[in-house]
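Undergrad: Mind looking over this structure? Questions follow.
The values are calculated or read from the model by the stated rules, or taken from the named source; none is laboratory data. Quick caveat, the model's predicted, so the values are computed rather than measured. For neighbour counting, all protein chains shown are included, and Cβ atoms are generated from backbone atoms with ideal geometry for every residue, glycine included. Accessible surface is based on the protein model in full, side chains and every heavy atom, while ligands, DNA and RNA are left aside. Shrake-Rupley method; radii C 1.70, N 1.55, O 1.52, S 1.80 Å.
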Amino acid sequence: MATPRIVLFGATGFTGRLTAEALAARGARPLLAGRDQTRLTALADALGGDLPTAVADVGRPESVRRIVAPGDVLISTVGPFVRWGEAAVAAATEAGAVYLDSTGEPTFIKRIFQRYGPAAAARGAALITAFGYDYVPGNFAAALALRKAGPGAVRVDVGYFVEGGVARRASAGTRASALGMIFEPMYGFREGRIVPEHGRTRRFLVEGRVRHGLSIGASEHFTLPPAHPGLREVNVYLGWLGGLTRVAGVLAKATPAIAALPGVRRATEALADRVLRTGGDGAPAGAGVSSSIVAEAYDAEGRRLAAVHLTGGDPYEFTAGVLAWAATTALADGVHGTGALGPVDAFGLDALTRGCAEVGMTVRE
């Protein structure tokens, strides 16, 4: 039997390269996988020259299956995930491996939990999706808030906010994924079940400032209720649009009707492809980029029982760092459970607290 290893699929992309650097900084020797051998060799050389490489392409799923073996940890940074993510999920499931990805796409997250999770559990595989800035911090903060609130909590709201030049920092892959999400069905968690949702907004108080957030489908909707049976409502909001958030909420209510128009989805996919071909990598991280995550737990009468505030730096650096932490931890110690898992399910709240702190995400009471 081969010794289990970390496989990084999509290693030469923007997020993949950052993750490769974070893994190397931890002393790991991942197998670097992607479509272009020349770029893989150049990355291996840049990281010390002795890392193994393998050519794998989502267009040839068998090439992805060949690089994953039982006990391996597979990290996928190949997006947009709704279009190209399935090959890595299938490979990890078939091998009985641990799977991690960097997606923030609601439709793909929903597929992991509702479609792929049961098959993975049957094969002894663990699928841990959205293991980056989308949506580890919200899972972490919400779990802390719910632990503080106690059994009286029936609702939890999570808000994600970024300061600084985040628009310039966004990679082509992020922009293409965002385009793909525009007309995808959104969802929330209400009355104990996943329900369709479009355009909900709310305000948060973040470091003394009122910030607006737009609701989005996320992993918290699937991961928090099983661990907290009293929960009847889970809301996740992105506050990256600032003062335009309320306008975006109005437009979001119209997306189901717009998405039904002939040719709209095809045109959006074509635009996303163009972004991927011409967009390039995001700008280098700047000292002015920072992130805040707020989680608030409420009782049945709407009284706030507990709140947790996390602060961190650049979202891309956090994603790379937390993926590297998770992969090395899973390779050394395994994860808790099989099937589709959330961050707290897979590693435990105390370990996740330490891991997030290691990569710069800290708790402010």
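Undergrad: How many residues are more than 19 Å from the chain's Cα centre (by Cα), without any contact (Cβ under 8 Å) to a residue 60 or more places away in the chain and open to solvent by 10 Å² or more (accessible area, probe 1.4 Å) if we restrict to region 62-94?
TA: 4
Undergrad: What pairs can you find where one residue is in region 205-226 and over 22 Å from Arg304 (Cβ atoms), the other is open to solvent by 30 Å² or more (accessible area, probe 1.4 Å) and of a type in the set (Asp, Glu), and their Cβ atoms are less than 9 Å apart, with a gap of 6+ or different chains?
TA: Sorted first by the residue in region 205-226, then by its partner, the pairs are Gly217/Glu184; Ser219/Asp134; Pro226/Asp345.
Undergrad: Give the residues of region 95-142 that are open to solvent by 30 Å² or more (accessible area, probe 1.4 Å), in contact with a strand residue (DSSP E or B) (Cβ under 7 Å, 6 or more places away or on another chain) and closer than 21 Å to Phe161 by Cα, sorted by residue number.
TA: Within region 95-142, the subset open to solvent by 30 Å² or more (accessible area, probe 1.4 Å) is 110-111, 113-115, 118-119, 121-124, 134.
Within this subset, residues satisfying the condition of being in contact with a strand residue (DSSP E or B) (Cβ under 7 Å, 6 or more places away or on another chain) are 110, 113, 118, 121.
Within region 95-142, no residue meets the criteria.
Undergrad: Ala332 fails exactly one of the following numbered conditions: (1) open to solvent by 30 Å² or more (accessible area, probe 1.4 Å); (2) under 18 Å from the mean Cα position of the chain (by Cα); (3) of a type in the set (Gly, Ala, Ser). What is the number of that condition?
TA: (2)
Undergrad: Something else: Of all residues in region 11-27, count the ones that are open to solvent by 40 Å² or more (accessible area, probe 1.4 Å), of a type outside the set (Gly, Ala, Ser) and assigned to a helix (DSSP H, G or I). Before you say what the answer is, go through the steps one by one.
TA: Keep residues of region 11-27 that are open to solvent by 40 Å² or more (accessible area, probe 1.4 Å), which gives 17, 21, 25-27.
This time we only want the ones that are of a type outside the set (Gly, Ala, Ser), so: 17, 21, 26.
Applying the additional criterion that residues be assigned to a helix (DSSP H, G or I) yields 17, 21.
Residues meeting the conditions: 2.
Undergrad: Out of everything in region 186-206 that is of a type outside the set (A, V, I, L, M) and touching an Asp or Glu at 6+ places or on another chain (Cβ under 9 Å), what residue ends up being nearest to Gly159 (Cα to Cα)?
TA: Restricting attention to region 186-206, the residues satisfying the condition of being of a type outside the set (A, V, I, L, M) are 187-193, 196-204.
If we keep only those that are touching an Asp or Glu at 6+ places or on another chain (Cβ under 9 Å) as well, we get 187-192, 202, 204.
On the way: Tyr187: 16, Gly188: 14, Phe189: 15, Arg190: 17, Glu191: 20, Gly192: 20, Arg202: 9, Phe204: 7 Å.
Filtering first and then ranking leaves Phe204.
Undergrad: Name the residues in region 197-210 that are farther than 30 Å from Arg111 by Cβ and either assigned to a strand (DSSP E or B) or open to solvent by less than 30 Å² (accessible area, probe 1.4 Å) (or both), would you? Before the answer, list the steps.
TA: Of all residues in region 197-210, those farther than 30 Å from Arg111 by Cβ come to 203, 205-210.
Arg203, Leu205, Val206, Arg209, Val210 - these are the residues of region 197-210 that are farther than 30 Å from Arg111 by Cβ and either assigned to a strand (DSSP E or B) or open to solvent by less than 30 Å² (accessible area, probe 1.4 Å) (or both).
Undergrad: For region 1-56, which residues satisfy the criterion of being within 19 Å of Phe318 (Cβ to Cβ), touching a strand residue (DSSP E or B) at 6+ places or on another chain (Cβ under 9 Å) and of a type in the set (S, T, N, Q)?
TA: Passing the criteria: only Thr19.
Undergrad: Mind checking which pairs have a first residue in region 24-44 that is in contact (Cβ under 8 Å) with a residue 60 or more places away in the chain and within 18 Å of Ala330 (Cβ to Cβ) and a second that is part of a helix (DSSP H, G or I) and open to solvent by 60 Å² or more (accessible area, probe 1.4 Å), Cβ under 8 Å, 6 or more apart or different chains?
TA: Sorted first by the residue in region 24-44, then by its partner, the pairs are Ala28/Leu331.
Undergrad: Condition test on Gly59, is it without any contact (Cβ under 8 Å) to a residue 12 or more places away in the chain, surrounded by fewer than 23 Cβ atoms within 10 Å (Cβ to Cβ) and within 24 Å of the chain's Cα centre (by Cα)? Before the answer, list the steps.
TA: Working: without any contact (Cβ under 8 Å) to a residue 12 or more places away in the chain: yes; surrounded by fewer than 23 Cβ atoms within 10 Å (Cβ to Cβ): yes; within 24 Å of the chain's Cα centre (by Cα): yes.
Yes, satisfied.
Undergrad: For the subset of region 37-51 comprising residues that are outside any helix (DSSP H, G or I) and either open to solvent by 60 Å² or more (accessible area, probe 1.4 Å) or in contact with a helix residue (DSSP H, G or I) (Cβ under 8 Å, 6 or more places away or on another chain) (or both), which member is nearest to Arg123 (Cα to Cα)? I'd like the intermediate steps shown before the answer.
TA: As a first pass, look at region 37-51 and keep what is outside any helix (DSSP H, G or I): 47-51.
Imposing the further condition that a residue be either open to solvent by 60 Å² or more (accessible area, probe 1.4 Å) or in contact with a helix residue (DSSP H, G or I) (Cβ under 8 Å, 6 or more places away or on another chain) (or both) reduces the set to 47-48, 50-51.
Details: Leu47: 34, Gly48: 36, Asp50: 33, Leu51: 29 Å.
Only one residue fits best here, namely Leu51.
Undergrad: Follow-up. For residues in region 180-196 being at pLDDT below 90 and in a loop (DSSP other than H, G, I, E, B), which is nearest to Asn235 (Cα to Cα)?
TA: Per the stated criteria, the residue is Met186.
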